[in-house]
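The values are calculated or read from the model by the stated rules, or taken from the named source; none is laboratory data. These numbers were taken from a predicted model, which means no experiment stands behind them. Here the Cβ is made from the backbone with ideal geometry for all residues, glycine too, and neighbour counts use every protein chain on show.
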Amino acid sequence: MSLSINKYLSVTLVIVFVTALISCKTNNFSNKKIFRYNESAGIATLDPAFAKNQAIMWPVHQLYNTLVEVDDNMNIKPSLAKSWDFSTDGRSIIFHLRQDVFFHDDPVFNNGKGRKLIANDIAYSLFRIIDEKIASPGAWIFNDKVDSINPFVAVNDSTFKIVLTAPYPPILGVLSMSYCSVLAKEAVEYYASDFRRHPVGTGPFSFVAWDEGQALVFKRNNHYFEKDVNGTSLPYLDGIKISFLDSKASEFMEFRQQHLDFINDIEPSFKDELLSKSGDLKKEWMGKIVLQKHPYLNTEYLGFIYDSTNSLLKNSPWKNKKIRQAVNYAIDRNKLLLYLRNSIGTAATSGFIPAGMPSFNAEKVKGYDYNPEKSKQLLKQAGFDDLHPLPVLKLYTVPNYVSIGSFLVNELNQAGIPAILETVQKSLLLEQMSKSQVLFFRGSWIADFPDASNYLSVFYSKNPAPPNYTRYKNALYDSMFEASFQISNDSIRYRVYQSMDRMILEDAPIVPLWYDMVLQFLQPGIKNFKTNAMNMLELRNVKK
């Protein structure tokens, strides 16, 4: 039978299967365990090379595997690689691959049966990320990190080698990113430009069908290599159905009617209905839905332009460190979280590195608490008081941040720091921040991989904007940042990270506001649902 006929029959069967799943009303499928969630942001592609946001990462994580992955506690654990060894000089890593991993059954393979994964597949997948013709937004992850000639080597079918330009301890975290998912070359070449909607991976679920804008359906991969502690093959679920309602309000209504099993965060207007000010589920909802909360590696902050050569700072008092410190002391972060976020998050009083990161230590990194008197004292030391007021400080932010922005400028005004709010569209604000055209702006940084160097890179002077939107420059900081990659011992490297974080607090190019928190709602029948501070959707162990 020809490949094209095979493909035609597969598509026909898929249409029958997906129609039943989408309706969820066919009796033959009533006993199937289908996990249902909505993606209001839409999904642009299922190609891992373009997994640049959470909307894409979540489905990609179900379809593919990476060499290593991150566990519940943000530690690196094996996945396609069962073990690995660093060279003595730290400049290369040998990965020993599992021998029981197969690609999903697909017409691109002989007889439609998924073939065994080999080291060449990993080399191909990683080379594809840095291929200029592919133009992956993830190409930066290997910039100046891997050998420029032959960075990815298939030593033999079961052994893979990565060659670095210099020791880089966070490389394992980088390799756990969705960009580094391993795919089959045959599928990429066969489906060509349509590969974005015909994924072929090794993950716990395989692709069934995608009616764009309506539903995306996966089914259980019956050949998946992982088993639970009792030897039962994973996953437990029969499939996944993703819908595409673009309204978070509609999404919540679907959840209330039990048409969805899970929602990640909710429309702000519903927070008061579900949550108390302390962030707990209100009594009337207990037993009806399940609330899960845990740290999320995202730091919300306000940023100042730090570069004194910028025309915005030429005759500006905001280049004075004491005034920036005064701004930090003027804001009651706990009050902000209590009244505007129902206590969802943690006050950022311990630096830029967020809670949930392995190197986070609130005892060793002391940030700014709420102290308006200290704020006024610093202003006076800088030569400003009621008789000699500061010029008005304009905070630039985006429309959905208006209520928080209004709170912040009110806090500053009460502390004797005249401030107003300026709202602009997100795309314009990012452009202005990149060009250093705004003095004071709202920002956030979500971890790309579970190592604090990702956060500290935001202030490395050799980095452009993004990520260095403040244009912070400190020679000692730069040298410590570069030296940290020579330290293989995590505990020692973490102490260096903490010293750098304290340096940022002292120079105050930013005002850390809060460390974010994942807020998830589940139907009571969903069991074993766990996630981590990267907020990756993990469904392998979920039961329904």
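Whether any residue in segment 487-503 is in the same structural domain as A326 (by TED's automatic domain parsing), touching a residue at least 24 places away in the same chain (Cβ under 8 Å), surrounded by fewer than 21 Cβ atoms within 10 Å (Cβ to Cβ) and in a loop (DSSP other than H, G, I, E, B) is what I want to check.
Within segment 487-503 (the criterion being in the same structural domain as A326 (by TED's automatic domain parsing), touching a residue at least 24 places away in the same chain (Cβ under 8 Å), surrounded by fewer than 21 Cβ atoms within 10 Å (Cβ to Cβ) and in a loop (DSSP other than H, G, I, E, B)), the answer is yes, since at least one residue qualifies.
Just the residues that are more than 14 Å from E538 (Cα to Cα) and either buried (at least 23 other Cβ atoms within 10 Å of the Cβ) or charged (D, E, K, R) (or both), please, taken from segment 47-65.
Once the filter is applied, which keeps residues that are more than 14 Å from E538 (Cα to Cα) and either buried (at least 23 other Cβ atoms within 10 Å of the Cβ) or charged (D, E, K, R) (or both), segment 47-65 yields D47, P48, A49, A51, K52.
If the requirement is being loosely packed, with under 15 Cβ neighbours inside 10 Å, in a strand (DSSP E or B), modelled with pLDDT of 95 or more and in the same structural domain as I240 (by TED's automatic domain parsing), which of these qualifies: V155, V163, V217?
Sole residue among the options that is loosely packed, with under 15 Cβ neighbours inside 10 Å, in a strand (DSSP E or B), modelled with pLDDT of 95 or more and in the same structural domain as I240 (by TED's automatic domain parsing): V155.
In segment 526-536, which residues are at pLDDT 95 or above and not hydrophobic (A, V, I, L, M, F, W, C)?
If the condition is that a residue be at pLDDT 95 or above and not hydrophobic (A, V, I, L, M, F, W, C), then K527, N528 are the ones that fit.
Going through segment 321-331 one residue at a time, which ones are surrounded by fewer than 18 Cβ atoms within 10 Å (Cβ to Cβ) and either under 31 Å from the mean Cα position of the chain (by Cα) or in a loop (DSSP other than H, G, I, E, B) (or both)?
Once the filter is applied, which keeps residues that are surrounded by fewer than 18 Cβ atoms within 10 Å (Cβ to Cβ) and either under 31 Å from the mean Cα position of the chain (by Cα) or in a loop (DSSP other than H, G, I, E, B) (or both), segment 321-331 yields nothing.
Which one is surrounded by the fewest Cβ atoms within 10 Å (Cβ to Cβ) among residues in segment 125-152 that are small (G, A, S) and without any contact (Cβ under 8 Å) to a residue 12 or more places away in the chain?
The selected residue is A135.
Could you list, ordered by first residue, the pairs with Cβ atoms under 7 Å in which the first is in segment 372-387 and buried (at least 17 other Cβ atoms within 10 Å of the Cβ) and the second is polar (S, T, N, Q) and in a loop (DSSP other than H, G, I, E, B), at least 6 apart or interchain?
Qualifying pairs under 7 Å: A382/N320.
Looking at (1) touching a helix residue (DSSP H, G or I) at 6+ places or on another chain (Cβ under 7 Å); (2) in contact (Cβ under 8 Å) with a residue 24 or more places away in the chain; (3) not in a loop (DSSP other than H, G, I, E, B), which is the one condition that is false for Y515?
Single failed check for Y515: (1).
Quick one: which helices (runs of 4 or more DSSP H) sit completely within segment 381-485 and have at least 1 residues that are in contact with a Ser or Thr (Cβ under 6 Å, 6 or more places away or on another chain)?
Correct list: 402-414, 475-484.
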